Amino acid sequence: MSGAAHADDHAHGHGGHGQDAHGHGSFKDYVTGFVLSVILTAIPFWLVMGNVIEDKLVTGVVILGLAVVQIVVHMIYFLHMNTKSEGGWTFLALIFTITLVVITLFGSIWVMHHLNANMMPVSAEEMRHAP
């Protein structure tokens, strides 16, 4: 097999969309990813510095949403992750990692909430009125 045929076979085996023979993205993909990343960084900065949304909880939720979008942009444009790369194993590893992170975060919050609710110290005033 010639070198050109092997490179073409290699690129085709990895999806080939916007990638060269080594799985790297095109210059256009990198610029698009960079521009999206800058925009997704500037918007939360503007929201906080300009105090655009009065409710702090809503601001936090919007910023977290934009952070998730930015993570996806980085995975697609810089890490070149999709369901076709490496036979789908990178995508499967991503799903497993996300599952573990979600379980860890929500489990930690759940445990801390219950510790806070059930193990709060009793105040001196409550001790005087106890039966």
| request: Please give the number of the condition Thr41 fails out of (1) within 23 Å of the chain's Cα centre (by Cα); (2) modelled with pLDDT under 95. | output: (2)
| With respect to Thr90, is the statement that it is at pLDDT 90 or above and either under 18 Å from the mean Cα position of the chain (by Cα) or open to solvent by 90 Å² or more (accessible area, probe 1.4 Å) (or both) true? | no
| said: Just to be sure I understand the filter: pairs with C-beta atoms under 7 Å, separated by 6 or more residues or on different chains, first member in region 65-91 and without any contact (Cβ under 8 Å) to a residue 40 or more places away in the chain and closer than 13 Å to Ser37 by Cβ, second member among the hydroxyl-bearing types (Ser, Thr, Tyr) and in a helix (DSSP H, G or I). Which pairs pass? | reply: Gln70/Ser37
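Residue-by-condition table, conditions (1) in contact with a Ser or Thr (Cβ under 9 Å, 6 or more places away or on another chain); (2) open to solvent by 70 Å² or more (accessible area, probe 1.4 Å); (3) among the β-branched types (Val, Ile, Thr):
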| residue | (1), (2), (3) |
| --- | --- |
| Ile39 | no, yes, yes |
| Ile43 | no, no, yes |
| Ile63 | no, no, yes |
| Ser108 | no, no, no |
| note | Checked region 72-120 for anything in a helix (DSSP H, G or I) and closer than 20 Å to Lys28 by Cα; matches are Val72, Val73, His74, Met75, Ile76, Tyr77, Ser85
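The values are calculated or read from the model by the stated rules, or taken from the named source; none is laboratory data. Since the model is a prediction, treat every value here as computed from it, not as a measurement. FYI the Cβ positions are ideal-geometry reconstructions off the backbone, even for glycines, and counts take in every protein chain you see. Protein only, heavy atoms only, side chains kept; ligands, DNA and RNA dropped before computing areas. Shrake-Rupley method; radii C 1.70, N 1.55, O 1.52, S 1.80 Å.
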